[in-house]
1. For segment 62-73, what are the residues that are surrounded by 15 or more Cβ atoms within 10 Å (Cβ to Cβ) and not in a loop (DSSP other than H, G, I, E, B)?
2. If you check residue 231 against the conditions, is it surrounded by fewer than 23 Cβ atoms within 10 Å (Cβ to Cβ), in contact with a strand residue (DSSP E or B) (Cβ under 6 Å, 6 or more places away or on another chain) and at pLDDT below 95?
3. Right, residue 232: closer than 20 Å to residue 54 by Cβ, in a loop (DSSP other than H, G, I, E, B) and touching a helix residue (DSSP H, G or I) at 6+ places or on another chain (Cβ under 8 Å) or not?
4. Can you work out which of the residues in segment 243-265 that are touching a helix residue (DSSP H, G or I) at 6+ places or on another chain (Cβ under 7 Å) and closer than 19 Å to residue 192 by Cβ is surrounded by the fewest Cβ atoms within 10 Å (Cβ to Cβ)?
5. Among the helices (runs of 4 or more DSSP H) contained in segment 291-408, which hold 3 or more residues that are in contact (Cβ under 8 Å) with a residue 24 or more places away in the chain, closer than 24 Å to residue 259 by Cβ and within 36 Å of the chain's Cα centre (by Cα)?
6. Of these, 164, 119, 169, which one is within 25 Å of residue 245 (Cα to Cα) and out of contact with any helix residue (DSSP H, G or I) (no Cβ under 8 Å at 6 or more places or on another chain)?
7. Could you tell me whether any residue of segment 257-273 is over 17 Å from the mean Cα position of the chain (by Cα) and either assigned to a loop (DSSP other than H, G, I, E, B) or at pLDDT 95 or above (or both)?
8. If a residue has to be surrounded by fewer than 24 Cβ atoms within 10 Å (Cβ to Cβ) and within 21 Å of the chain's Cα centre (by Cα) to count, how many in segment 154-175 make the cut?
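The values are calculated or read from the model by the stated rules, or taken from the named source; none is laboratory data. It should be emphasised that the depicted structure is a prediction, and the values quoted were computed from it without experimental measurement. Don't worry about glycine lacking a Cβ; one is built from the backbone with ideal geometry, like all the others, and counts go over all protein chains shown.
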């Protein structure tokens, strides 16, 4: 098969960049292996200098530039990780760089990009809007455009993850590699190497369901522009994949699956709680696929998930943790009604105490439209052990005559 990035490109990239980036650890999680039902390993690209795998492709590209290209300066569009990687390494090499980022990019990514010496321009609502602006600036200022995924050298740089994975000893041979998918450069590079060297290893992509550009492109047979939608995995929120990356994915990648935002939030929480690792939404998609049974054929197998990055806004992290706890059944909000008489609220809360739930918040809705005359609506937010515990509490409330009006 003839591809725009191949084994030789990736081997040359590895020789070029191996002293410039970190050969990141590959760790095994016993707890998450038990939860997922397979031997679960993680390739920790969040431990690169700028917090993501993007450094690999950027460095490979920059080290091939001519003096004339360096003098012109660089420009790119990015949701954040490509921006930070390019800003850091361009500054290190003494090259001027401008980065166009969507207006609502995570604050931590904007701040870090500026910290590494790039001029940041915030434009548009989405990555595609930012890219349009960056293309216009590139033409106007005659800067060299550094694309985050539609570039042979960039994809080859990302493919060096495959080199490291296949040269790392594991207790059992790797059966599958799970890779977050945005524009397709990461999975194209990894698949090009892995399928050339160890074709029996499955390479599987994971996208967020609300922005599944690769999945839709595979269905259509051509890159399609997906609708803009709110996402938790902003690092892979690409509305249209590269045609060249699509070609590689279509021929070499075994499957592409999707996960929901709730599932991603829960996976972020699991990585933080169990492995003490802070990961961003994109990086959590492979674990989300495993623990939510998107890939049942991997049960009992040895699986590596590429943890693509750890650049997450701390303000967003607290909301994501709450969302993950709700999805896991460890926080629940139950709405019911009680008689509008002294002591009735205390009686209701006693049920939660008896069932061992920790009450986080109580709201008394005297004007609730769901409450008949003489009764008031009450919503109780509780911390529970798991979904089964939450179900037990709901059953106890029903048995004691408290109708459940609504739950979250």
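1. Start the filter on segment 62-73 by keeping residues that are surrounded by 15 or more Cβ atoms within 10 Å (Cβ to Cβ), which leaves 62-63, 65, 70, 72-73.
If the condition is that a residue be surrounded by 15 or more Cβ atoms within 10 Å (Cβ to Cβ) and not in a loop (DSSP other than H, G, I, E, B), then 62, 70, 72 are the ones that fit.
2. Values: surrounded by fewer than 23 Cβ atoms within 10 Å (Cβ to Cβ): yes; in contact with a strand residue (DSSP E or B) (Cβ under 6 Å, 6 or more places away or on another chain): yes; at pLDDT below 95: yes.
Yes.
3. yes
4. Applying the filter and picking the extreme gives 250.
5. Those helices (runs of 4 or more DSSP H) span 314-327, 387-399.
6. 164 is the lone residue from the list that is within 25 Å of residue 245 (Cα to Cα) and out of contact with any helix residue (DSSP H, G or I) (no Cβ under 8 Å at 6 or more places or on another chain).
7. Within segment 257-273, none of the residues are over 17 Å from the mean Cα position of the chain (by Cα) and either assigned to a loop (DSSP other than H, G, I, E, B) or at pLDDT 95 or above (or both).
8. Pass one, segment 154-175, residues surrounded by fewer than 24 Cβ atoms within 10 Å (Cβ to Cβ): 163-175.
Next, only the ones that are within 21 Å of the chain's Cα centre (by Cα) stay: 165.
The qualifying residues number 1.
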